[in-house]
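The next block holds one structure in the form of structure tokens; read it before the comments.
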Amino acid sequence: MQAEVIAVGTEILLGQIVDTNSAFIARGLADAGIEVYYHSLVGDNADRLTTVVNQARSRSDLVVISGGLGPTKDDLTKQTVAHLLGVKLIEDTAAMEKIQRHFEITGREMTPNNRLQALYPAGSLPLKNETGMAVGAFYRDPDAADLMLLPGPPSEAEPMFEHQALPQIIAAYHRHEFLVSKVLRFFGIGESKLVTELSDLIDHQTNPTIAPYAKVNEVTLRITARATEKAVGEQLLREMTATIMARVGDYFYGFGDENSLAQVVVNELIDRKLSITAAESLTAGKFQSTLGDVPGVSAVFPGGFVTYANDAKRDLLGIPQAVIDAQGVVSEATAKEMAERSRTKLDTDFALSFTGVAGPDSLENQPVGTVWLGLAQRGKAPMAKLVHFTGNRAKIRDRSVLTGLDWLRRVLRDSK
């Protein structure tokens, strides 16, 4: 089966925003066993959109369109598609009630154009919008390609596709089989290295299939299995996961599309009732902010220190000036002192420290990207690790935070 993905939006054509929906949709379709042969991008123009949709329907079995379902004058997708199909737009009652509740709660006036968001082409299956108001649609056409309409904002398009559209696609085109998948997340190994380690599995994949995706600072694998019984598919996933873990399991940190290193570490600390603090220099509080993004972290994180200047390291943490003068702040000694003294001050089980050179200039004759991490643990001598990163300030700081989290994850894993 062949599909095509169309992104609608003049702002995408002009480069004002980046189209991330098409890649997300294409990955989801591929996981469902549907090949995507074409991607198209068209502005908010009814004539050009009609031309693009007609062309897509002439060469594909399924056309997925994202964008243009909103309430403004340039949101023309559903009107254009309805005209092309020769059907009327009808109102989804549940969507309209949601829109009305929104305006009642916010105390704002609902204008007539807001009602457009509750409309969809007659004969379609309406798709619920969990995070917005514009309803989507799935139109089955016995004589031409089927059409799927999704909203443009990724925060709306992604959950609608994953929770509403994809189950309908699977039901429509894979009636007699179950499709089960699992996402494995890795840190500390690049995509090329991961693919090399698993090259024979990827090159000869049949069922399950393995799809590697490079994310920012990490790599994920989506394993997808098909079977006539769900239990059989899940067994195939377990077997393939075990094979993969035997090769690259040292870099694996967790499962799931929405997971993160911070989530894994914080949840492990909560489960084991272990507390954490930090002392940060070059990361300027980014590590502690990352912890704070995880719900429930207050149970294990009482607070920490941002000691950007040398005086702050001395006055807030109590690091002897002699250590700073003799070893410098970008040093093993200072990283250990920062970790242990912050841990002691807040009486936590663990502490991480970050000191180094984020750039743009060198510091203490150390090149940009030189970072010392410190790790202190109750009842043990503090440790330090030297790492080198490339990229701009933001990338160096992000990578430092993630490397610290991964180091703590490994320590927690090995202490079980």
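List of remarks:
- Any hit, segment 85-99, residues being in a strand (DSSP E or B), of a type outside the set (A, V, I, L, M) and either touching a residue at least 12 places away in the same chain (Cβ under 8 Å) or within 22 Å of ILE34 (Cβ to Cβ) (or both): yes
- Test: residue in segment 298-306 that is open to solvent by less than 40 Å² (accessible area, probe 1.4 Å), part of a helix (DSSP H, G or I) and not aromatic (Phe, Trp, Tyr): no
- Residue tally, condition in a helix (DSSP H, G or I) and either open to solvent by less than 60 Å² (accessible area, probe 1.4 Å) or of a type in the set (A, V, I, L, M) (or both), over segment 114-128: 4
- Of all residues in segment 14-32, none are on the phi > 0 side of the Ramachandran plot and in contact with an Asp or Glu (Cβ under 8 Å, 6 or more places away or on another chain).
- Filter result (open to solvent by 40 Å² or more (accessible area, probe 1.4 Å), closer than 27 Å to GLU162 by Cβ and not in a loop (DSSP other than H, G, I, E, B)) within segment 58-82: ARG59, GLN79
- Among the residues of segment 134-149, those identified as touching a residue at least 24 places away in the same chain (Cβ under 8 Å) and in a loop (DSSP other than H, G, I, E, B) are ALA134, VAL135, ARG140, ASP141, ALA144, ALA145.
- Contacts under 7 angstrom Cβ, first residue in segment 206-228 being free of Cβ contacts under 8 Å to residues at least 60 places away in the same chain and within 19 Å of PHE252 (Cβ to Cβ), partner open to solvent by 10 Å² or more (accessible area, probe 1.4 Å) and of a type in the set (D, E, K, R), 6 or more apart: PRO212/GLU191; ALA214/GLU191; VAL219/GLU191; THR220/ARG185; ILE223/LYS182
- Of residues in segment 130-140 being at pLDDT 95 or above and not small (Gly, Ala, Ser), the one surrounded by the most Cβ atoms within 10 Å (Cβ to Cβ): VAL135
- Filtered residue count, segment 234-262, keeping only those that are touching a strand residue (DSSP E or B) at 6+ places or on another chain (Cβ under 6 Å), among the acidic types (Asp, Glu) and not in a helix (DSSP H, G or I): 1
- Scanning segment 281-297 for residues that are touching a residue at least 12 places away in the same chain (Cβ under 8 Å) and either part of a helix (DSSP H, G or I) or small (Gly, Ala, Ser) (or both) yields a count of 10.
- Selection from segment 262-278 of residues that are of a type outside the set (Val, Ile, Thr), over 16 Å from LEU373 (Cβ atoms) and surrounded by fewer than 23 Cβ atoms within 10 Å (Cβ to Cβ): GLN263, ASN267, GLU268, ASP271, ARG272, LYS273, LEU274, SER275
- For segment 211-249, a residue qualifies if it is surrounded by fewer than 17 Cβ atoms within 10 Å (Cβ to Cβ), under 20 Å from the mean Cα position of the chain (by Cα) and not small (Gly, Ala, Ser), and the qualifying residues are PRO212, TYR213, LYS215, VAL216, ASN217.
- Screening THR131 against (1) out of contact with any Lys or Arg (no Cβ under 7 Å at 6 or more places or on another chain); (2) assigned to a helix (DSSP H, G or I); (3) touching a residue at least 12 places away in the same chain (Cβ under 8 Å); (4) among the polar types (S, T, N, Q) leaves a single unmet condition, (2).
The values are calculated or read from the model by the stated rules, or taken from the named source; none is laboratory data. Predicted model only: the values in this text are computed from it and were never measured. Please note: Cβ atoms are built from the backbone with ideal geometry, for glycine as well, and neighbour counts cover all protein chains shown. Ligands, DNA and RNA are stripped out before the accessible areas are found, and what is left, the full protein with its side chains, is counted by its heavy atoms. Shrake-Rupley method; radii C 1.70, N 1.55, O 1.52, S 1.80 Å.
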